[in-house]
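Read through the structure below, which is laid out as structure tokens, and then see the notes.
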Amino acid sequence: MKVINLISGPRNISTALMYSFAQRDDFNVLDEPFYGFYLKNTTTEINHPSTAEILQTMDLKEEVVVESIRSLSGLKNVFVKGMAHHYLSEKPNYILDWENIILIRRPEKIIRSFSKIIDNPKLADIGLKKASELFIFLKENNKTPIVIDSDELLVNPKRYLKQLCKNVNIPFSEKMPTWQKGGIPEDGVWAQHWYANVHNSEGFQKKIQSQKPEEELPKALKPLLEESMPYYNTLKKHILKNK
């Protein structure tokens, strides 16, 4: 059985992708299984919503999480939705056994959305630097990940999902583009703070070109944008195109 490992940043339709795979009969999905390990072992100034509940209910040891994923994959394919910055090791060798996908989004969109919930985010909080480092690590070990882009996906969700499935050598399922409104049992305990959009949706929405200019990024966040762009550009040239 396969482990398909989605490496993302926050505010990047990663939850929608998890919902998409949750519709399949041949997959179990896991919602950020390394979140507890990350919160237990990182130093961050951010007050993450539901921290106490996460630490009380999740496995806090990396090796325990990895073994749990391996055990599950003995029964059924597993889709792991995770945040890049939850991988604290420079060389998480266990992901070399998995099919890795890196999901990116234009940094200004991530920062604008993330800052509405978390004040004063830093580079380490949005995952782009770590995603770039993980891409290099995987490539150096002959396990170059697929890089996908949220805007590319939304141009034509069904077509892009078909391409993604082909690239990870699984059949496409017609169930993947849509789901019922509301949560799923696999939602993390933090869902109430982050998942309103996907809970109110019934599937991927095609991107519609808007004539309205995008909201200007606050001046205080522009240094973060400048800091993140080199890492985004490292990954951007590898994006799977929707065609």
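The values are calculated or read from the model by the stated rules, or taken from the named source; none is laboratory data. These numbers were taken from a predicted model, which means no experiment stands behind them. Cβ placement follows ideal geometry from the backbone for every residue including glycine, while neighbour counts extend to all protein chains displayed.
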Report task. Would you tally the residues in region 137-146 being in contact (Cβ under 8 Å) with a residue 12 or more places away in the chain and either among the aliphatic types (A, V, I, L, M) or outside any loop (DSSP other than H, G, I, E, B) (or both)? Result -> 3
Report task. Determine which single condition residue 84 fails, assuming it passes every other condition in (1) of a type in the set (Gly, Ala, Ser); (2) buried (at least 22 other Cβ atoms within 10 Å of the Cβ); (3) on the phi > 0 side of the Ramachandran plot. Result -> (3)
Report task. Quick one: residue 210 ticks every box in (1) closer than 27 Å to residue 33 by Cα; (2) hydroxyl-bearing (Ser, Thr, Tyr); (3) modelled with pLDDT under 95 except a single one, so which number is it? Result -> (1)
**Report entry** Unique residue being of a type in the set (Asp, Glu), within 26 Å of residue 161 (Cβ to Cβ), modelled with pLDDT of 95 or more and buried (at least 19 other Cβ atoms within 10 Å of the Cβ) when the list is 99, 62
**Finding:** 99
